[in-house]
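So the structure is just underneath, and the comments pick up after that.
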Amino acid sequence: MSGSSSKKILLTGKRGFIGKNLFESLNAKFDVFAPEHNELELLNEAKVKEYIKDNGINIIIHSAATPSHRKIKGPRDVAIKNLKMFFNIVKNKAYFSKMIFLGSGAEYGMNLPIHRVKEEDFDNRIPDDENGFSKYICSKYIEGAENIVNLRCFGVFGKYEDYQIRFISNAICKAIFGLPVTIKQNRVFSYLYMNDLCGIVKYFIENAASRKIYNAVPKESIDLLTIANKIKSISGANVDIIIRNEGMGKEYTADNSRLNQELKNFKFTPFDKALEELYHWYVANKDIIDKDLLLYDP
C-alpha cells in the first residue's frame with residue numbers, strides 16, 4: 001500500500017489482467033488495498049464486512065470475477081459466485097462512499113450481434129451465458145442503488161492480458177516470433193486500451209458521476225483483420241494472416257456518447273499509438289512469452 005491520498009480504496013481482482021493494471025496505475029496516488037485470495041475471500045460474507053470496516057475503506061473498485069473463458073474446463077458456478085461476491089460487497093454500503101463496478105458488454109446479451117448499443121438499450125434481451133447473466137443482475141441492482149457506477153467494458157486490451165487467448169496480444173506475440181496470425185472469423189469490436197480504462201476509473205474515483213451506467217468504450221470501433229494488418233505493419237514481419245471462416249462474425253460494439261459527455265476533456269489514446277505501445281512492451285518483455293502457447297489459436 002502506498003500513495004498520499006486520504007481515500008482508502010479496496011481493489012478486488014488484483015491478480016487478473018484488469019486488476020493488475022489498475023493496481024499499478026492507482027497505487028502511486030491512492031492508498032490501495034488489493035488483498036490476495038488468501039487474505040480476503042469475497043465469497044465469505046462475514047470476512048468481506050470485517051475487511052471493509054477494519055481498514056476504513058472509502059471506495060471499492062470491483063473487478064474480480066469468476067473465470068469463464070474457454071481455457072476453463074468443467075462447471076464453475078460462474079453466475080452464483082459472481083453474484084455472491086457482488087452482493088457481499090454492496091450489503092456493506094453503509095461503510096463506504098462509492099463503488100465502481102467493472103461490468104461487461106455481455107450484459108446486453110451476446111447471443112445476438114451488439115451494434116453501437118446505447119445504455120438505454122439495456123434489458124432489451126436477457127443474456128443466456130452465466131457471466132453475462134450475472135453482470136446483468138448486478139446492473140439491474142445498480143439502476144436503483146446509490147453511489148455505484150457501472151463501467152461496461154467490451155474489448156479491453158493491454159499489457160498483462162492472456163496472450164494465449166486474447167486476440168490483440170496473441171497477434172502481437174505471433175508477429176514477434178514470425179508466426180501466422182489466425183482469425184477465427186472477422187468481427188468488429190469496441191476495443192479500449194487498458195491505460196485509458198485506468199484514466200476513466202481515476203476520473204470516477206475523484207468525481208461524482210452524473211449517471212449510474214456507462215459504456216466504457218472509445219468512439220471508434222475496429223475489425224480484427226484491420227488490427228492484424230496494423231500489427232503486421234508495426235512489426236515489419238512478413239507473417240501470414242489466416243481467416244478460418246468467411247464472412248463477418250457477431251459485432252460487439254457500443255456507443256460512447258454518455259461517457260464522452262461525462263468525461264468532457266478526456267483524451268482517448270489513438271488506437272494505432274496504443275497498438276504500437278503494446279507491441280514495444282512485448283518486445284521489451286519477450287522473455288515472458290512462451291512460444292509454445294502461441295500454437296493455440298484464440
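Laboratory data are not the source of any read-out in this text; all were calculated from the coordinates shown. Note that the structure is a prediction, hence the values are computed from the model and not measured. Cβ placement follows ideal geometry from the backbone for every residue including glycine, while neighbour counts extend to all protein chains displayed.
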If you work out Rg and Dmax of the Cα atoms in Å from the coordinates, which of (i) 21.3, 72; (ii) 19.1, 58; (iii) 24.6, 95 do you get? (ii)
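Rounding to the nearest 20 debye, state how big the charge dipole of the stretch 154-212 is about its Cα centre with +1 on each Lys and Arg Cβ and -1 on each Asp and Glu Cβ. List each step's numbers first, then the result.
Working: 8 positive and 4 negative charges, 39 e Å.
Computed charge dipole of the stretch 154-212: roughly 180 debye.
Per 0.36 nm of contour for each residue apart, how much would the distance between residue 296 and residue 202 grow if the chain were fully extended, relative to their Cα-Cα spacing?
Numbers: separation 94, 0.36 × 94 = 33.84 nm, distance 3.55 nm.
Here the answer is 30.3 nm.
Would you tally the net charge around residue 216, using a Cβ to Cβ cut-off of less than 10 Å, leaving residue 216 out, and scoring K and R as +1, D and E as -1?
Details: positive: 152; negative: 196.
Taking every other residue near residue 216 into account, the sum is 0.
Once every DSSP H run of n ≥ 4 in the chain is given -39500 (n - 2.57) and the sum is divided by its residues, what mean residue ellipticity at 222 nm do you get, rounded to the nearest 500 deg cm²/dmol? Could the numbers behind the result be given before it?
Details: 9 runs with 103 residues, N = 298.
Mean residue ellipticity at 222 nm (helix-derived): -10500 deg cm²/dmol.
Add +1 for every Lys or Arg and -1 for every Asp or Glu among the other residues with Cβ under 12 Å from the Cβ of residue 17, and state the total.
Numbers: positive: 14, 15, 20, 159, 166; negative: 24, 161, 162.
Net charge around residue 17: +2.
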Tell me the label-point distance for the pair residue 261, residue 44, using the 7 Å Cα-to-Cβ offset, in nm and rounded to one decimal. 4.4
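Given a cut-off of under 8 Å on Cα pairs at least six residues apart, what relative contact order in percent is computed for the stretch 176-288?
Result for the stretch 176-288 is 43 percent.
By the scheme Lys and Arg +1, Asp and Glu -1, what is the net charge of all other residues having a beta-carbon under 12 Å from that of residue 124? Can you show the working numbers first?
Details: positive: 118, 125; negative: 107, 119, 120, 121, 123.
Neighbour charge sum, excluding residue 124 itself: -3.
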For the chain, modelled as a Gaussian network with Cα springs under 10 Å, which listed residue fluctuates most, 157, 271, 177? 177
Centroid-to-centroid separation of the stretch 249-298 and the stretch 112-140 [C-alpha atoms, Å]: 23
Between residue 24 and residue 240, how many nm apart are label points set 7 Å from Cα along the C-beta direction? 3.4
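Taking 8 Å as the Cα distance limit and 6 or more residues as the minimum spacing, I'd like the relative contact order of the chain as a percentage.
Rounded, it is 18 percent for the chain.
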